[in-house]
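Visitor: The structure under discussion is supplied below as structure tokens; questions concerning it will follow.
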């Protein structure tokens, strides 16, 4: 059924309720291969919940998620990762006691083949045996992935490379965000979900991050982005979706959305402080 | 029919007693998200204070109750102030370990003061029975019911109408918000620990009177039962704890009615495991909850592990390998053999609790499975001992992993509860499955260690055998840790949600960790069985589980060399200082407390 120009990711009527609160309310979304769509909206609009639904950390009460035309609604995060969906987390979830190298290697976990033979039932036992015996194929695979990780970490320039053997808990906040993105890239994702990648970064760090995301887009990666810094959103996105109280209230090219009265209402209606924050960020 | 009414009354009365313990646990969990493993020790203290009051001071009943409540509350306040408050900003596992340490210290202090022999605790009430319907009820039943209902009412009034009660409820809903609104969380904690301890103490005294007997084994049983009732009702849910307790009392009472007394605890722990698997948030929680927030604190203490150079390790191995050739006494070899056996168990536990973060409190069950398998195979099938020990390791790996698997979906403190319960279940099955395990009689005449047809009789040969097995297991584990499995295990420990998002299946990797760790523990148990020549269901008990945990924390969680260093230190140092056996457990408890407080990363650091 996968047509030539079918969207890579499409959501239909996606809904998630927590008790009386509808955190995500009938969201439709299409993301073409190689495209970059941003989701903006006030705090509590349901953006991160939407990410959780797409990546399998939470299950929708209604609606469906399609990836390359296949229904992936409610699949486990492990399965979705294996299909090539990678994400970063809003508050940062690096593995604190693992080195930068090991953190990013975990990102490449779904690419392990030699040490993880796809055999049913006894597969895990073979994995244990191969991990202990380490035949040449397993060693070669590990070496290949390590080289790969170094190349990915090198994309962040001198920020991360000198610290590659340090435990992640010793890194600065911005560097931990970078490790998360490096980990996501190590999965060689077909779809990348970035949840506020520049949160807590200063202007120059934000600019670096923006340049990196632009570069990833040029390389053809499909990206779904949650971001509060409107300037970045305007420059990067093919399309912008605005959420408020779980609903999609506007969708379209950046400039059109920016002047939409409903969008301005949503931000101002949630208190001037929120709007002021947006202006500062922009 | 009348006997059923009796069993119902008995179930409700016992449930009432559990409720006094469980409500305290629920209050504490509500405010500080901590399962207080020391609750049973306070219950024990309550029972013995009651004994002192009744037998030595001859106080009247109301005064006895007040005295017990006050002393127990004081103990609770001391635990909160000196045991737990210093750990407020510590890693998440620290307070749990501290309550385990406190419980060991309190139990041992009671045992040293009053001797481990059971004592009678007379009830001071007239021994008459009233006919109720078809059953009978005595004054003590009424007293227990009365104390239960009165405490529930007092607690309700306190929580509902007093200012401090409001603060307790606010803090249990949202601790941070309560603090920002000016609630003094330390005072709330004090209040909660004081109340919980008073209820626990009175409960211990009432149970002592009910069975007219108190002994130090009551403590662990009370903690377990209270935890079961609390988890069944939903952790932190006070009315839920009451209902869970009554339910537990009834389930036990009917279970005893149908199957017999030795099944009582089995029903309690099966109920716990079923609830944990089907409704981990308790019977009264909504089925689906919001996904948990990202965890702010790390589970284990971050540290830079001490790297011991390869030549130093090789030298140490060489020294210990040639030790039997040197003029050392039999006694030294014997002590070190014990250290190597404990070292194997610690290797297993440091992988499971340290590397993949599943703090198991029932690890001795794996020893028992290995020991029974090896002993029975060599006795009944005449399997060579070497093969039987390997079979014991494999059985521990397989059976242990299957038994633990219900807990794979649980997190944090719940894992500890589940493993504790599963450990108890294993011991109870061994006790009750007489056709296979020979029940309470145990297994005697287990053939001695032998290898390729040669019996290992001399201490030196046993020493070499145990040492070699341990070194091989340690090398294998070190190799495992340096593979992709090592980083996968540690990633799951640090953040299981992020790990899943990157394709790591929790079931798969937790199983692999338990399979590998189960093998090491099973081999240790197997060797022990042939060394002791006699085992029963109590040979491998919770004390050993906790000792192994102390060893692992002493060495540094996940640290292979640390596990062995810890085992040698905890087995060897008491021997060096010739510390009497009854003080050792006390010292282990104190060591655990000091470690958690001052060096949570252990001697060599967590990995």
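The values are calculated or read from the model by the stated rules, or taken from the named source; none is laboratory data. Owing to the predicted nature of the structure, the values given are computational and were not obtained by experimental measurement. Counting neighbours? That spans all protein chains shown, and the Cβs are built from the backbone with ideal geometry, glycine included.
Visitor: Can you find a residue in region B:531-546 that is within 30 Å of residue A:111 (Cβ to Cβ) and either free of Cβ contacts under 8 Å to residues at least 24 places away in the same chain or surrounded by 24 or more Cβ atoms within 10 Å (Cβ to Cβ) (or both)?
Guide: no
Visitor: Filter region A:10-55 down to the residues that are out of contact with any strand residue (DSSP E or B) (no Cβ under 9 Å at 6 or more places or on another chain) and in a strand (DSSP E or B), then identify the one that is surrounded by the most Cβ atoms within 10 Å (Cβ to Cβ).
Guide: A:18
Visitor: Working only within region B:282-319, note down all residues that are modelled with pLDDT of 55 or more, over 28 Å from the mean Cα position of the chain (by Cα) and facing chain A (nearest Cβ under 8 Å).
Guide: The answer is B:304, and nothing else.
Visitor: Somewhere in region B:194-215, is a residue within 32 Å of the chain's Cα centre (by Cα), without any contact (Cβ under 8 Å) to a residue 40 or more places away in the chain and over 23 Å from residue B:33 (Cα atoms)?
Guide: yes
Visitor: Shifting gears a bit: Just to be sure, is residue B:171 in the same structural domain as residue B:25 (by TED's automatic domain parsing), touching a helix residue (DSSP H, G or I) at 6+ places or on another chain (Cβ under 7 Å) and over 21 Å from residue B:74 (Cα atoms)?
Guide: yes
Visitor: When you check residue B:486 against the structure, is it modelled with pLDDT of 95 or more, part of a helix (DSSP H, G or I) and either within 7 Å of chain A (Cβ to nearest Cβ) or crowded, with 23+ Cβ neighbours inside 10 Å (or both), yes or no?
Guide: Answer is no for this residue.
Visitor: Could you pull out the residue among B:525, B:517 that is touching a strand residue (DSSP E or B) at 6+ places or on another chain (Cβ under 9 Å), modelled with pLDDT of 95 or more and within 26 Å of residue B:591 (Cβ to Cβ)?
Guide: Just a single option satisfies the conditions, and that option is B:525.
Visitor: Does region B:506-528 contain at least one residue that is facing chain A (nearest Cβ under 9 Å), free of Cβ contacts under 8 Å to residues at least 24 places away in the same chain and not in a helix (DSSP H, G or I)?
Guide: No - not one qualifying residue is present in region B:506-528.
Visitor: So residue B:503 ticks every box in (1) within 14 Å of chain A (Cβ to nearest Cβ); (2) assigned to a loop (DSSP other than H, G, I, E, B); (3) under 22 Å from the mean Cα position of the chain (by Cα) but one. Which box is left unticked?
Guide: For residue B:503, the failing item is (3).
Visitor: Still on this structure, I have one more. Would you be able to tell me the number of residues in region B:103-134 that are closer than 19 Å to residue B:211 by Cα and exposed (fewer than 11 other Cβ atoms within 10 Å of the Cβ)?
Guide: 4
Visitor: If you don't mind, there's one more thing I want to ask. Quick check on this structure: which one of A:178, A:190, A:159 is surrounded by fewer than 21 Cβ atoms within 10 Å (Cβ to Cβ), more than 13 Å from chain B (Cβ to nearest Cβ) and closer than 22 Å to residue A:111 by Cα?
Guide: Testing whether each residue is surrounded by fewer than 21 Cβ atoms within 10 Å (Cβ to Cβ), more than 13 Å from chain B (Cβ to nearest Cβ) and closer than 22 Å to residue A:111 by Cα leaves just A:190.
Visitor: Something else: Could you tell me which residue of region A:219-245 is farthest from the chain's Cα centre (by Cα), considering only residues that are closer than 22 Å to residue A:155 by Cβ and part of a strand (DSSP E or B)?
Guide: Among them, the one singled out is A:222.
Visitor: Before we move on, is residue B:86 under 15 Å from residue B:596 (Cα atoms) and surrounded by fewer than 24 Cβ atoms within 10 Å (Cβ to Cβ)?
Guide: yes
Visitor: Any residue that is in contact with a strand residue (DSSP E or B) (Cβ under 6 Å, 6 or more places away or on another chain) and surrounded by fewer than 22 Cβ atoms within 10 Å (Cβ to Cβ) - is there at least one of those in region A:205-217?
Guide: Yes, some residue in region A:205-217 is in contact with a strand residue (DSSP E or B) (Cβ under 6 Å, 6 or more places away or on another chain) and surrounded by fewer than 22 Cβ atoms within 10 Å (Cβ to Cβ).
Visitor: Still on this structure: From the residues in region A:102-122 that are over 19 Å from the mean Cα position of the chain (by Cα), more than 9 Å from every other protein chain (Cβ to nearest Cβ) and touching a residue at least 12 places away in the same chain (Cβ under 8 Å), which one is nearest to residue A:201 (Cα to Cα)?
Guide: A:113
Visitor: Can you name every residue in region A:198-218 that is in a loop (DSSP other than H, G, I, E, B) and out of contact with any helix residue (DSSP H, G or I) (no Cβ under 7 Å at 6 or more places or on another chain)?
Guide: Passing the criteria: A:199, A:202.
Visitor: Ok, one more. Exactly one condition in (1) away from chain A (no Cβ under 14 Å); (2) in a helix (DSSP H, G or I); (3) crowded, with 18+ Cβ neighbours inside 10 Å is false for residue B:468; which is it?
Guide: Evaluating residue B:468 over (1) away from chain A (no Cβ under 14 Å); (2) in a helix (DSSP H, G or I); (3) crowded, with 18+ Cβ neighbours inside 10 Å leaves (3) as the failure.
Visitor: Looking at B:419, B:350, which is the one that is assigned to a helix (DSSP H, G or I) and over 24 Å from residue B:468 (Cβ atoms)?
Guide: Checking each option against the conditions leaves just B:419.
Visitor: Would you check if residue A:98 is farther than 17 Å from residue A:186 by Cβ and within 7 Å of chain B (Cβ to nearest Cβ)?
Guide: When the stated conditions are applied, residue A:98 does not pass them.
Visitor: If a residue counts only when it is closer than 22 Å to residue B:11 by Cβ, which helices (runs of 4 or more DSSP H) contained entirely in region B:160-279 have at least 1 such residues?
Guide: Qualifying helices (runs of 4 or more DSSP H): B:185-211, B:218-233, B:238-259, B:264-278.
Visitor: Right, next: Check residue A:197 against each of (1) within 14 Å of chain B (Cβ to nearest Cβ); (2) closer than 19 Å to residue A:93 by Cβ; (3) touching a strand residue (DSSP E or B) at 6+ places or on another chain (Cβ under 9 Å) and name the one condition it does not meet.
Guide: Single failed check for residue A:197: (1).
Visitor: Counting only residues that are on the phi > 0 side of the Ramachandran plot and within 12 Å of chain B (Cβ to nearest Cβ), which one in region A:56-94 is surrounded by the fewest Cβ atoms within 10 Å (Cβ to Cβ)?
Guide: This residue is A:84.
Visitor: Does at least one position in region B:471-478 carry a residue that is within 14 Å of chain A (Cβ to nearest Cβ), farther than 30 Å from residue B:376 by Cα and surrounded by 18 or more Cβ atoms within 10 Å (Cβ to Cβ)?
Guide: Among the residues of region B:471-478, not one is within 14 Å of chain A (Cβ to nearest Cβ), farther than 30 Å from residue B:376 by Cα and surrounded by 18 or more Cβ atoms within 10 Å (Cβ to Cβ), which makes the answer no.
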